[in-house]
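Contents: one structure, followed by commentary.
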Amino acid sequence: MSLVTVLELVPLLGVLGLFALPKGSTTLIKQFAIGVSVVDLVIAILMALRFDRGNSAMQFVESRNWISSFGIKYAVGIDGIALVLILMTTVLVPIVLLAGWNESENGRWSPRVYYALILVLETMMVGVFAATDVFLFYVIFEAMLIPVYFLIGGYGRGERAQAAMKFLLYSLLGGLLMLAAVIGTYVIATNQIGSTFDVTALSSLHIDSATENLLFLGFFIAFAIKAPLWPLHTWLPTAAKSATPATSVLLLGVLDKVGTYGMIRFCIALFPHAAHTFTPAIIVLSLISILYGAFLAIGQRDINGLIAFTSISHFGFITLGIFAMTSQGLTGASLYMVNHGFSTAALFLVAGWMVSRRGSSTIEDFGGLQRVTPVMAWSFFIAGMSALALPGLSSFVSEFLVLVGTFTRYPIPAIIGTTGIVLAALYVLLTVQRSLHGPTTPGNESLTDLNLREKIAIAPVIAILVIFGFFPKPITDVLNPASHEVMTHAGYEDPQPKAGK
Amino acid sequence: MLIAPQLSYALLAPILIVLGGALLGVLVEAVMKKGSRAAIQTTIALGTLVLAFAFLWRIHGQTSKTAAVNSVAIDGVGIFIQGTILILSFIAILFIADTDNFAAQASAVPGSEDERAAVQAGKQQTEIFPLTLFAVSGMLLFPVASDLITLFVALEVLSLPLYLMAGLSRRRRLLSQEAALKYFLLGAFSSAFFLFGAAFLYGYSGSMTLDGIASAISANAANDVFLLIGIVFLSVGLLFKIGAVPFHSWTPDVYQGAPTPITGFMAACTKIAAMGATLRIFYVAFSPAEWQWKPIILTIAILTMVVGGVAAIAQRDVKRMLAFSSIAHAGFLLAAVLALNTSGLKGALFYLATYGFTTLGAFGVITLVRDSSGEVTDLNRWVGLGKKSPLTASIFTLFLLSFAGIPLTSGFIAKFSLFTGAYETGNTVVVVVGVLTSAITAFFYLRVVVMLFFTDPKSDSVTVVIPSIMTRIAIAVCAIVTIVLGVAPSLLLNTAQTFATFIR
């Protein structure tokens, strides 16, 4: 059995364990769930250590027959991109559980259900990044919606039921379009090479270009809803405003990455020609997302809405990096996914603590927090700086790589994209100024600073942001061979830099 | 010398056994005391179905497959569908045996003194059991009948008991009787269409057998107009039974008015039998003329999916909602008719089996949600059920998710295999419309989930009754099948694959 499978099974077994625990012991349930996620993290780290960086092929592969009459397999395996995303997932889960210690108590159901949902979600998040069978990927991609739906609807705030519904319907619509494309691809495969869903085998199909374009769109729309690209983004701000901080982190930090990851793994790998055809359109959409997200972020009064719109802007960057079709761009985009995961996590968690202390999520209600709660304010500040890609923090590296990678092939979009950075400075600094500095807003004088548990939760995130800001090599080393492989397979060579004068 | 026709009793045994069981049930009504009838009837009905299944099992590998002078074809599809109907009827009987659902005395005028007396005497119409068995025997014959006359006889045998059963509700009897009358009138109408179409087909081909019609079409024998009229009118009769638009208007009223266990039985078994016959007629008889009828069926399939999906959104009654959802599912199933290939057939068989279990289970859950005056089907009063009775609400949610085709439920694999079959023969349009309407249907299923789980219960007297042991078993079986076939569908898919053949 592959380590990946172990990684998937541990949280599931944890769910069984949760229901075996005695009733009425909420603290025990919380400790147990965190324990399970830490065990999973340890396994993931072991896996990362055993990962062969020089090898661009899939590693830790496992393949078993699942539904033989359609040639469907339980097939998993990871390359560098999948590895870093899985690592990010397994790091984030214990952190959000620890950070959101009390989130499960105001829900519609018991804390036990909350932790069970999160652990099931962890299994699926690992599975979705590791799946190398398109059908398996699709099943997890869709099934993942259910726990998130119940997490938003059952434990969220405000108009949570509506937000959950909107989220689910949007995703289902995209998913079903993708289903049509999956079926189409499968039928073509059956005619050419026999029933299979193996992603490597499928990438060798010969598809006529009209069909290929349609199939590409089926996949792409699903992914563009998931990693919201303008104009398919409207579910995200509602969901982010209603979900608990922990759910928001997992939703924006991990689940939405499935969209951008899917673009790399499926859209480009399976339909390279169609990807080429649609690249201009997608680049335009990415640029619109970057600017639109940034402008709306500037206008946001709700702190969670702000983070959601900054994410839309960042997803624009990620998509831009992917469809620049250069290996730097792709490495940058993959790195961006990880960094965005952590910086959003920091933002949502700190914002969540601010909101729960103040009882309001309107940015104007904060003010002067720097004096009252220095640790919380500093954490928010660093997270914000990471969101605006300040050099020295990890996001800078990825944003830089994305723009460089784009510039070598598409200079003008890269230049337009750069304005996104300026706007990012604007929305982050404005928010920091309004909420952290200036005179203390009445009502904020008695807010308490982060307690020990919260400090422990936020410390690793901040540490990761800083360490990989100065020293991104371990991650880029893992990513580079994989990005190169994807681009070579799709038939792209990196443009050679023109000789200087 | 007169030679007696070869009937092949072994192949007909399952049908004959069910008929025999039904007759035995009628005898029981005549000779047994009122008090002991229910238990005896339940035993007879269940025993008959098990016995019939055993006999079906004995012939499932047999090679000689036509019986009763070629008017019955016991082939792969026939056996699979018969088996499915027998198993599902068994579960349906378990729901029906929870006899609180049926009129005390059907002949008493609703609200009359007679009725009150009958209720007080603890009377119960136990005729429901033989009626069910009669209907089942018709359902067993319908999908294997391979000539037009046998088809028509089977259609009537399965329909007539259903008309009666739809009117036997214990509560809201007027609604139930109205449903029965509507069903009867429209059903009789559609039977007439069926017969009319059969006459034209005979006029066209000079043959009553499906095989003969196919050869006549291939030989391009005669007047095409006769063929077209024949196909259209025969299809009207079939499409009425499976509840396809525009012949669907009876479905919501009848589903709502009929006693809930009967609704479940109709929704599952009738649809399977009718779909089985439709598949046979189109695959065996009409397939050489596919270019003539494909545009019609394509239009109807799309209309059925869209109308079923959109109209369901507006429903406030859970039974009506499921009725429209069953219409949408009929539209999905028509994709298999369009597919005209083995994988489409395999998909349809798998779909029918899983859909049957999910449907029966869902209607079974509805029988449990009650207030002092009987079942509560108004969705607004289901609000907050998840809090009062988490298990029931979760199981119902499972069925809804399966209807919606969410992965890891049987409904997803079913939809996948069905659409794959349709796509293979180039029916891209129906696949795309199918997935898009799936999104629409998901909306109203999920709205129910929101009501169950995300809304606070009103102070209302709605409760979930503690189900009898039989109902409990039946719901549990349906729920387990729905999950198992979603996670490990291989066994049933392979079986469907082996059985996906018609003989001519």
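Tell me which helices (runs of 4 or more DSSP H) are completely within segment A:329-448 and hold 3 or more residues being within 24 Å of the chain's Cα centre (by Cα), or say none if there are none.
Numbers: elements: A:369-372, A:374-387, A:394-409, A:411-436.
Passing ranges, in order: A:374-387, A:394-409, A:411-436.
Evaluated against (1) within 30 Å of B:Arg171 (Cβ to Cβ); (2) surrounded by fewer than 23 Cβ atoms within 10 Å (Cβ to Cβ), B:Leu322 falls short on exactly one condition, (2). So for segment A:69-82 (the condition being over 29 Å from B:Ile483 (Cβ atoms) and either surrounded by fewer than 18 Cβ atoms within 10 Å (Cβ to Cβ) or over 23 Å from the mean Cα position of the chain (by Cα) (or both)), does at least one residue qualify? No. Which residue is nearest to B:Leu491 (Cα to Cα), if the candidates are limited to segment A:48-70 and must be within 14 Å of another protein chain (Cβ to nearest Cβ) and assigned to a strand (DSSP E or B)? Taking the candidates together, the pick is A:Ile67.
Does segment A:121-136 include one or more residues that are in a helix (DSSP H, G or I), more than 9 Å from chain B (Cβ to nearest Cβ) and of a type in the set (Asp, Glu)? Scanning segment A:121-136 turns up at least one residue that is in a helix (DSSP H, G or I), more than 9 Å from chain B (Cβ to nearest Cβ) and of a type in the set (Asp, Glu). Of the helices (runs of 4 or more DSSP H) lying entirely inside segment B:194-276, the ones with 2 or more residues being under 19 Å from the mean Cα position of the chain (by Cα) and polar (S, T, N, Q) are found at B:250-257, B:260-265.
Here's the yes/no breakdown for (1) buried (at least 24 other Cβ atoms within 10 Å of the Cβ); (2) not hydroxyl-bearing (Ser, Thr, Tyr):
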| site | (1), (2) |
| --- | --- |
| B:Tyr9 | no, no |
| B:Lys33 | no, yes |
| B:Arg37 | no, yes |
| B:Leu49 | yes, yes |
| B:His60 | no, yes |
| B:Asp75 | no, yes |
| B:Ile81 | yes, yes |
| B:Ala103 | yes, yes |
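Scanning segment B:385-396 for residues that are at the interface with chain A (Cβ under 10 Å from one of its Cβ atoms) and surrounded by fewer than 21 Cβ atoms within 10 Å (Cβ to Cβ) returns B:Lys387, B:Pro390.
In this structure, is A:Leu169 surrounded by fewer than 20 Cβ atoms within 10 Å (Cβ to Cβ), of a type in the set (A, V, I, L, M, F, W, C), in contact with a helix residue (DSSP H, G or I) (Cβ under 9 Å, 6 or more places away or on another chain) and within 13 Å of chain B (Cβ to nearest Cβ)? Lay out the reasoning, then the answer.
Values: surrounded by fewer than 20 Cβ atoms within 10 Å (Cβ to Cβ): yes; of a type in the set (A, V, I, L, M, F, W, C): yes; in contact with a helix residue (DSSP H, G or I) (Cβ under 9 Å, 6 or more places away or on another chain): yes; within 13 Å of chain B (Cβ to nearest Cβ): yes.
When the stated conditions are applied, A:Leu169 passes them.
Among the residues of segment B:408-420, which ones are facing chain A (nearest Cβ under 9 Å) and either among the aliphatic types (A, V, I, L, M) or over 24 Å from the mean Cα position of the chain (by Cα) (or both)? Matches in segment B:408-420: B:Leu408, B:Ile413.
Applying the set (1) more than 12 Å from every other protein chain (Cβ to nearest Cβ); (2) under 24 Å from the mean Cα position of the chain (by Cα) to B:Leu400 leaves exactly one unmet item: (1).
On the stretch given as segment B:421-449, residues that are facing another protein chain (nearest Cβ under 7 Å) and either at pLDDT below 85 or within 10 Å of B:Ala335 (Cβ to Cβ) (or both) total 2. Looking at segment B:61-76, can you tell me whether even one residue there is closer than 22 Å to B:Ala92 by Cβ, assigned to a helix (DSSP H, G or I) and not aromatic (Phe, Trp, Tyr)? No, the conditions are met nowhere in segment B:61-76.
Output the number of residues of segment B:454-504 satisfying the condition of being within 14 Å of chain A (Cβ to nearest Cβ) and either of a type in the set (Asp, Glu) or more than 24 Å from B:Lys65 (Cβ to Cβ) (or both).
Kept after step one, since they are within 14 Å of chain A (Cβ to nearest Cβ), are these residues of segment B:454-504: B:454-457, B:483-500.
In the following step, the residues that additionally are either of a type in the set (Asp, Glu) or more than 24 Å from B:Lys65 (Cβ to Cβ) (or both) were identified as B:454-457, B:483-490.
Total meeting the criteria: 12.
Annotation: B:Ile91 fulfils all but one of (1) over 23 Å from B:Phe350 (Cβ atoms); (2) under 25 Å from the mean Cα position of the chain (by Cα); the unmet one is (1).
What do you reckon, is B:Leu210 under 30 Å from B:Asn101 (Cα atoms) and surrounded by 23 or more Cβ atoms within 10 Å (Cβ to Cβ)? No: the conditions fail for B:Leu210. Of the residues examined, A:Val36 is not one that is in a helix (DSSP H, G or I) and surrounded by fewer than 21 Cβ atoms within 10 Å (Cβ to Cβ).
Tell me, which helices (runs of 4 or more DSSP H) wholly within segment A:168-259 include 3 or more residues that are among the aromatic types (Phe, Trp, Tyr) and in contact with a strand residue (DSSP E or B) (Cβ under 8 Å, 6 or more places away or on another chain)? The helices (runs of 4 or more DSSP H) meeting that bar number zero.
Yes or no, residue by residue, for (1) closer than 24 Å to B:Ser417 by Cβ; (2) under 17 Å from the mean Cα position of the chain (by Cα); (3) at pLDDT 90 or above:
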{"position": "B:Val306", "(1), (2), (3)": "yes, no, yes"}
{"position": "B:Arg320", "(1), (2), (3)": "no, yes, yes"}
{"position": "B:Ala323", "(1), (2), (3)": "no, yes, yes"}
{"position": "B:Ser326", "(1), (2), (3)": "yes, yes, yes"}
{"position": "B:Gly331", "(1), (2), (3)": "yes, yes, yes"}
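Restricting A:Ser394, A:Ser361, A:Ser343, A:Ser334 to those that are of a type in the set (Gly, Ala, Ser), in contact (Cβ under 8 Å) with a residue 60 or more places away in the chain, in contact with a helix residue (DSSP H, G or I) (Cβ under 7 Å, 6 or more places away or on another chain) and surrounded by fewer than 22 Cβ atoms within 10 Å (Cβ to Cβ) reduces the list to A:Ser361. The requirement of being modelled with pLDDT of 90 or more, more than 23 Å from B:Phe282 (Cβ to Cβ) and surrounded by fewer than 20 Cβ atoms within 10 Å (Cβ to Cβ) is not satisfied by B:Leu175. Screening segment A:148-166 for residues that are surrounded by fewer than 24 Cβ atoms within 10 Å (Cβ to Cβ) and more than 11 Å from chain B (Cβ to nearest Cβ) and picking the one that is farthest from A:Leu250 (Cα to Cα) gives A:Gly158.
Looking at A:Gly194, is it touching a Gly at 6+ places or on another chain (Cβ under 9 Å) and over 30 Å from A:Glu105 (Cβ atoms)?
Details: touching a Gly at 6+ places or on another chain (Cβ under 9 Å): yes; over 30 Å from A:Glu105 (Cβ atoms): yes.
Yes, satisfied.
Candidates in segment A:186-202 are the residues that are more than 10 Å from chain B (Cβ to nearest Cβ) and either touching a residue at least 24 places away in the same chain (Cβ under 8 Å) or basic (Lys, Arg) (or both); of these, the one that is farthest from A:Leu217 (Cα to Cα) is A:Gly194. Here B:Asp456 clears all of (1) within 25 Å of B:Leu368 (Cβ to Cβ); (2) not in a loop (DSSP other than H, G, I, E, B) except the condition numbered (2).
If we scan segment A:210-217, do we find a residue that is surrounded by 21 or more Cβ atoms within 10 Å (Cβ to Cβ) and of a type in the set (Ser, Thr, Tyr)? Even if it seems obvious, please write down each step before you answer.
First, pick out the residues of segment A:210-217 that are surrounded by 21 or more Cβ atoms within 10 Å (Cβ to Cβ): A:212, A:215-216.
Of the ones still in play, those that are also of a type in the set (Ser, Thr, Tyr) are none.
There is no residue in segment A:210-217 that is surrounded by 21 or more Cβ atoms within 10 Å (Cβ to Cβ) and of a type in the set (Ser, Thr, Tyr).
Every residue, every condition in (1) out of contact with any Leu (no Cβ under 7 Å at 6 or more places or on another chain); (2) buried (at least 24 other Cβ atoms within 10 Å of the Cβ); (3) of a type in the set (Lys, Arg), yes or no:
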position	(1), (2), (3)
B:Met305	yes, yes, no
B:Val318	no, yes, no
B:Ser326	yes, yes, no
B:Leu333	yes, yes, no
B:Leu340	yes, no, no
B:Ala348	no, yes, no
B:Thr354	no, yes, no
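Scoring B:Thr428 on the criteria (1) among the β-branched types (Val, Ile, Thr); (2) over 30 Å from B:Trp291 (Cα atoms); (3) surrounded by fewer than 22 Cβ atoms within 10 Å (Cβ to Cβ) leaves a single failure, condition (2).
The values are calculated or read from the model by the stated rules, or taken from the named source; none is laboratory data. Note that the coordinates shown come from a computational prediction; the quantities given were computed from them, not determined experimentally. Every residue, glycine as well, gets a Cβ built from its backbone with ideal geometry; the counts of neighbours run over all protein chains shown.
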